[in-house]
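Step one of this worksheet: look at the structure below.
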Amino acid sequence: MSEITEAPHGDLLVMLRHAPHGSLWLREALDLALVGAAFGQSVSLLLMGDGVWALLRGQGPGPLGQKGSQSTFEMLEMYDIERLYIDVDSLEARGLTRDDLLLPVIEVPTSELSTVLAGHRQIFNF
Amino acid sequence: MSEITEAPHGDLLVMLRHAPHGSLWLREALDLALVGAAFGQSVSLLLMGDGVWALLRGQGPGPLGQKGSQSTFEMLEMYDIERLYIDVDSLEARGLTRDDLLLPVIEVPTSELSTVLAGHRQIFNF
Amino acid sequence: MRYALLVLGGPYSHQAAHSALRFAHAAIARGHRVDTVFFYHDGVHNAAHFAAPPQDEPHLVDAWCDLQRTHGTALQVCVAAALRRGLLDAREAERHGKSGASLEPSFELTGLGQLLDIGQTHERLITFAP
Amino acid sequence: MRYALLVLGGPYSHQAAHSALRFAHAAIARGHRVDTVFFYHDGVHNAAHFAAPPQDEPHLVDAWCDLQRTHGTALQVCVAAALRRGLLDAREAERHGKSGASLEPSFELTGLGQLLDIGQTHERLITFAP
Amino acid sequence: MLLHLLNRAPSSSSVHQDVLRAMGEEDGLMLIEDGVFGAVSAQVQHFPGLEGRLFALREDLESRGLAGRCDASVTIVDMDGFVALTEEAQRTVSWF
Amino acid sequence: MLLHLLNRAPSSSSVHQDVLRAMGEEDGLMLIEDGVFGAVSAQVQHFPGLEGRLFALREDLESRGLAGRCDASVTIVDMDGFVALTEEAQRTVSWF
């Protein structure tokens, strides 16, 4: 069931579609979201595809000591990020539920994905 | 039907799995095959996945004047490349037949792919 | 309209930079302005001063500089993405104890805030990814 | 055994270089020799002299240099792949009219024939791709 | 109306499935670079329900030898037409 | 016997299908980097018929929070065990 109770809207939507650790996509996407939040924009995140792994509990630093993304998500929460959307289909396909995740999320069914995209003035898709 | 009449063997197998034009993978893979042939090694190529598009007839240069790969394939033929294998499943999945291709190929069914790999002393998978 | 482009792919390795350049010229030919190109992720390699592609290939770094010279397009590079990938202007090079610079002078290092600003000040922002 | 590694991915952008480094240390810990690491495709960016990653991240260029210093591992970079991506030693820089160099001195530019040679002279060749 | 750009072939990446799920009923989809491999008749079934809203870039089709193999359901546009599509769309979203 | 390395998740790339088709009956498959997402129970069905020949790298599972989610049919090896597998195999083939 959808939890989208009001029309999604905001200045900035950053879509996170890449898995953590394997590449820098997630990290550089979060950096952009963080700058947006620091500049006072209302920022939403949408996790989709392998991007949903980014919020999995229990992640660690990389084996060479690379920082994980957990601290960045926590910073975003501190900056009062407006909405953290997650694509339910992507979550379920990977055998995950919201209980597996680090932060509370707004579950978006496929039928409402386009509404989320249309509701933001700027979209960056990483 | 398989055309592999003798056990595949050779010094060097270069696997081409990336489509032409979109990235440099195909080009840099062919460069390696070309060096192998120039050094007198017996070189085989195996086209698989989107790599089968590399042999499609009628390709042109890129819109900024990048060279296509057609001339490199022709150079490889000049160097007497030993075998040009193509994964039949990949070919058929893309609606192609050998008649669509620039050069004569040896069609490899899935059941014989591992034989081709096992028959070469060095394998580079691009 | 005022267009901006975001380039996320390095030159040669992927077609992204080629597509972005072609798009820029086509947009200008239709009467638009392409005021800014922003380079992020591996796109920062488009600003490599030392790039020396074969003579029979397009020289993308030069092509970006031409675009700036001819049409006044600003070439902006995310400084954080550039530093970890080895693209430093003279000031950053000195700060990190390196002599010289590896960033082509026509490009300028800037922050990510600039990218968000571009999204607000330009009517269209088109991303070319690897 | 004599091991060689082939690295096809740039540092930071992908995990390939991190994995290759960890593999090298694990192989050495098991009593093997890692005599050569060859860098091709975007892997050539591992040799970027100007790389300046944040202080709280591993410095991969330095880590490769450490591997060479401690274990004698040769660090070889495909010259054709390097030139188009902006990694030039002093000689290539001069040949292309650039001052200075962008290749870390511990790395050496070489041809693709060397990669085929490595495949013949080392017992194992493991590829780490982006 | 959004214009989505896709530069991956459906035969090797599953990102096209995410694009389709995220598209609104009026959104358009523009295939560029390796995305144009999805425009050939044997692959276009990966993009159902996009009549009149599915485009492919002529220059990328031609360099790949696909100009004559593009399915009739796909509208071929050149770089000028691509720019025109971005004029009409409020925003573009690039998938890769 | 060859050891195949795979660093892509089966949920986003179809390269795993090509790996499976190219594997000999005794070949092993080692999941590393983002490949280890294929080792979780909800994804491992993408790798049928590999009993005892499917491996995943512990360090990459742990950094991703997957150590406790790895399917029982997958053999977890650490970096030392990964090196050991490359000793046993005549050659390795990396897929990406």
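The values are calculated or read from the model by the stated rules, or taken from the named source; none is laboratory data. All figures in this text were calculated on a predicted structure; none of them were measured in a lab. For neighbour counting, all protein chains shown are included, and Cβ atoms are generated from backbone atoms with ideal geometry for every residue, glycine included.
At a glance:
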quantity: Unmet criterion (only one of (1) more than 9 Å from chain B (Cβ to nearest Cβ); (2) surrounded by fewer than 21 Cβ atoms within 10 Å (Cβ to Cβ); (3) within 20 Å of B:GLY60 (Cα to Cα)) for E:ALA67; calculated: (1)
quantity: Scope the range C:46-55; condition buried (at least 24 other Cβ atoms within 10 Å of the Cβ) and over 18 Å from D:ASP89 (Cβ atoms); matching residues; calculated: C:ASN46, C:ALA47
quantity: D:GLY43 in contact (Cβ under 8 Å) with a residue 24 or more places away in the chain, part of a loop (DSSP other than H, G, I, E, B) and either buried (at least 22 other Cβ atoms within 10 Å of the Cβ) or of a type in the set (A, V, I, L, M) (or both); calculated: no
quantity: Hits in the range E:7-40 - residues which are small (Gly, Ala, Ser), farther than 21 Å from B:ARG17 by Cα and within 7 Å of another protein chain (Cβ to nearest Cβ); calculated: E:ALA22, E:GLY24
quantity: Residues (buried (at least 24 other Cβ atoms within 10 Å of the Cβ) and not polar (S, T, N, Q)) located in the range A:29-46; calculated: A:ALA29, A:ALA33, A:GLY36, A:VAL43, A:LEU45, A:LEU46
quantity: Residue in the range C:107-124 that is buried (at least 24 other Cβ atoms within 10 Å of the Cβ) and within 12 Å of the chain's Cα centre (by Cα) present; calculated: yes
quantity: Residue tally, condition under 24 Å from B:GLU112 (Cβ atoms) and either in contact (Cβ under 8 Å) with a residue 24 or more places away in the chain or surrounded by 23 or more Cβ atoms within 10 Å (Cβ to Cβ) (or both), over the range F:24-40; calculated: 5
quantity: Residue match in the range F:64-85 (condition: closer than 17 Å to A:VAL52 by Cβ, modelled with pLDDT of 95 or more and among the small types (Gly, Ala, Ser)); calculated: yes
quantity: All positions within the range A:14-37 that are in contact with a Gly (Cβ under 8 Å, 6 or more places away or on another chain), under 22 Å from A:ASP50 (Cβ atoms) and aliphatic (A, V, I, L, M); calculated: A:VAL14, A:MET15, A:LEU16, A:ALA19, A:LEU26
quantity: Residue match in the range D:63-79 (condition: assigned to a loop (DSSP other than H, G, I, E, B) and free of Cβ contacts under 8 Å to residues at least 60 places away in the same chain); calculated: yes
quantity: All strands (runs of 3 or more DSSP E) inside chain F with 3 or more residues being touching a strand residue (DSSP E or B) at 6+ places or on another chain (Cβ under 9 Å), over 20 Å from E:SER13 (Cβ atoms) and aliphatic (A, V, I, L, M); calculated: F:54-57
quantity: Where a residue in the range F:63-77 is hydroxyl-bearing (Ser, Thr, Tyr) and its partner, wherever it lies, is crowded, with 21+ Cβ neighbours inside 10 Å, with Cβ under 6 Å and at least six apart; calculated: F:SER63/A:HIS21; F:SER63/A:GLY62; F:THR75/F:PHE55
quantity: Condition check for A:ILE123: within 19 Å of A:SER69 (Cα to Cα), more than 14 Å from chain F (Cβ to nearest Cβ), out of contact with any Pro (no Cβ under 8 Å at 6 or more places or on another chain) and part of a strand (DSSP E or B); calculated: no
quantity: Looking only at the range C:2-30, and only at residues there that are within 11 Å of chain E (Cβ to nearest Cβ) and of a type in the set (Phe, Trp, Tyr), the one that is nearest to E:ASP34 (Cα to Cα); calculated: C:PHE23
quantity: Selection within the range B:60-110 - polar (S, T, N, Q) and modelled with pLDDT of 95 or more; calculated: B:SER90, B:THR97, B:THR110
quantity: Of all residues in the range C:1-34 being closer than 24 Å to C:LEU103 by Cβ and part of a loop (DSSP other than H, G, I, E, B), the one that is modelled with the lowest pLDDT; calculated: C:TYR12
quantity: Looking only at the range A:70-98, and only at residues there that are of a type in the set (S, T, N, Q) and surrounded by fewer than 19 Cβ atoms within 10 Å (Cβ to Cβ), the one that is farthest from the other protein chains (Cβ to nearest Cβ); calculated: A:THR72
quantity: Test: residue in the range E:44-53 that is facing another protein chain (nearest Cβ under 9 Å) and either surrounded by fewer than 21 Cβ atoms within 10 Å (Cβ to Cβ) or in contact with a helix residue (DSSP H, G or I) (Cβ under 8 Å, 6 or more places away or on another chain) (or both); calculated: no
quantity: Residue satisfying condition, being facing another protein chain (nearest Cβ under 9 Å), surrounded by fewer than 18 Cβ atoms within 10 Å (Cβ to Cβ) and over 25 Å from F:LEU20 (Cα atoms), within set B:PRO61, B:PRO104; calculated: B:PRO61
quantity: Those residues of the range D:60-74 which are closer than 15 Å to D:HIS18 by Cα, buried (at least 17 other Cβ atoms within 10 Å of the Cβ) and of a type outside the set (Gly, Ala, Ser), in sequence order; calculated: D:LEU60, D:VAL61, D:TRP64, D:CYS65, D:LEU67
quantity: Within the range D:31-83, tally of residues that are more than 8 Å from every other protein chain (Cβ to nearest Cβ), of a type in the set (Phe, Trp, Tyr) and more than 18 Å from D:ASP117 (Cβ to Cβ); calculated: 1
quantity: Total residues in the range D:97-106, condition surrounded by 13 or more Cβ atoms within 10 Å (Cβ to Cβ) and either over 22 Å from D:LEU6 (Cβ atoms) or at the interface with chain C (Cβ under 8 Å from one of its Cβ atoms) (or both); calculated: 4
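So that you can scan it fast, the table gives a plain yes or no per residue for (1) of a type outside the set (A, V, I, L, M); (2) closer than 22 Å to F:ASP60 by Cβ:
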site: A:GLY10; (1), (2): yes, no
site: A:HIS18; (1), (2): yes, yes
site: A:ARG27; (1), (2): yes, yes
site: A:SER42; (1), (2): yes, no
site: A:VAL52; (1), (2): no, yes
site: A:PRO63; (1), (2): yes, yes
site: A:GLY68; (1), (2): yes, yes
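Results for (1) part of a helix (DSSP H, G or I); (2) in contact (Cβ under 8 Å) with a residue 60 or more places away in the chain, shown as yes or no for each residue.
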position: D:THR36; (1), (2): no, yes
position: D:GLU57; (1), (2): no, no
position: D:LEU83; (1), (2): yes, no
position: D:LEU88; (1), (2): no, no
position: D:PRO105; (1), (2): no, no
position: D:LEU115; (1), (2): yes, yes
